[in-house]
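Where a number appears in this text, it was derived from the coordinates with a stated rule and is not lab data. Fair warning: this is a prediction, and the values are worked out from it, not measured in the lab. Positions of Cβ are generated from backbone atoms using ideal geometry, with glycine treated the same way; all protein chains shown enter the neighbour counts.
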Amino acid sequence: MQHPVPSEITSPVSTPLLRIDGLTVRYGRITALDRLSLTVGEGEVVSIVGPNGAGKSSLLGAIAGLVRPAGGDIAFRGENIVGQPLEQTVRRGIALVLEGRHVFSGLTVRENLRLGATIRRDPREVEADIRSFFDIFPILLERRNEPAGRLSGGEQQMLVIARALLSRPALLMLDEPSLGLAPKITDRIYEIIRDIRATGVTVLVVEQNADRALKAADRTYVLNGGCVRLTGTAAELAGHPEFEAAYFGLSGRRSA
Ligand SMILES: Nc1ncnc2c1ncn2[C@@H]1O[C@H](COP(=O)(O)OP(=O)(O)OP(=O)(O)O)[C@@H](O)[C@H]1O
Ligand SMILES: [Mg+2]
């Protein structure tokens, strides 16, 4: 199938922390990502929105090294990281919070947090980081000695985000952090994402809710069928005549 090449992003992107070019991911005969290109600038919050099966999780998985791409380049801080396993990408400063809030339910909150720091060899600083995260996530302080399995869904989401931060990532990737959470709790999660960004961490977040994806980010990519269908800032995309068509995969690939 012939796809037109998307024109460059309209908004100025500083130093791209992440640059993806022509990324293709296949599972057997299924093409999950089809020559996808995007950039994430240092300090940006970028969201990815698209319907079920659009390729959102495959994209995050390929960046994190969970999924081996069939083709394309992924440059992180200017270095090609395609095909590097998860442990390597974590060491380079990439953290992925998977969809579904995977906590170790029998371990306490504090034990769960420590597991986020297994690549580190500075136990004192890890403890200091844990204490500082309790400022951003006060509920985790309150419940630090309780088994994680007893936390609510929203609290577990906070725990897995905090755990990911303990590897001290430059890029934090979140796969549908609001899935199944009440709107108020989702608001809180997105406030936390803003706090995290304020600490200098770049954020790439997958979000199925289009409104939320636009509001939460500096820029958004609309994915469908493994391709970028539309991209731009919230101001460019909100009310864009082709937004819905792009989201539902009714249009060709193009940019805002
Ligand atoms: N492990 C796998 N084996 C086979 N096919 C897969 C696998 N993972 C994903 N796919 C397929 O690849 C395509 C993209 O899936 P992906 O999970 O990346 O989409 P998504 O946008 O994250 O969807 P969702 O919103 O449902 O999470 C879909 O057609 C999906 O069925
Ligand atoms: Mg997914």
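Here are the numbers for this structure:
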quantity: Separation of the residue 92 and residue 125 label points, Cα + 7 Å toward Cβ, nm; calculated: 2.1 nm
quantity: Label zone at residue 187, where the point sits 7 Å out along the Cα-to-Cβ direction: the range 211-234 residues whose backbone N lies under 19 Å; calculated: 211-217
quantity: Rough spin-label spacing in nm, given labels placed 7 Å along Cα→Cβ, for residue 235 and residue 145; calculated: 5.1 nm
quantity: Mean residue ellipticity (222 nm) of the chain, computed from DSSP H runs ≥ 4 via -39,500 (n - 2.57), nearest 500; calculated: -9500 deg cm²/dmol
quantity: Loop sites in the range 172-256: chymotrypsin sites (Phe, Trp or Tyr not before Pro), DSSP, at most 13 other Cβ within 10 Å; calculated: 248
quantity: Centre separation in Å (Cα based) which lies between the range 91-137 and the range 210-252; calculated: 32 Å
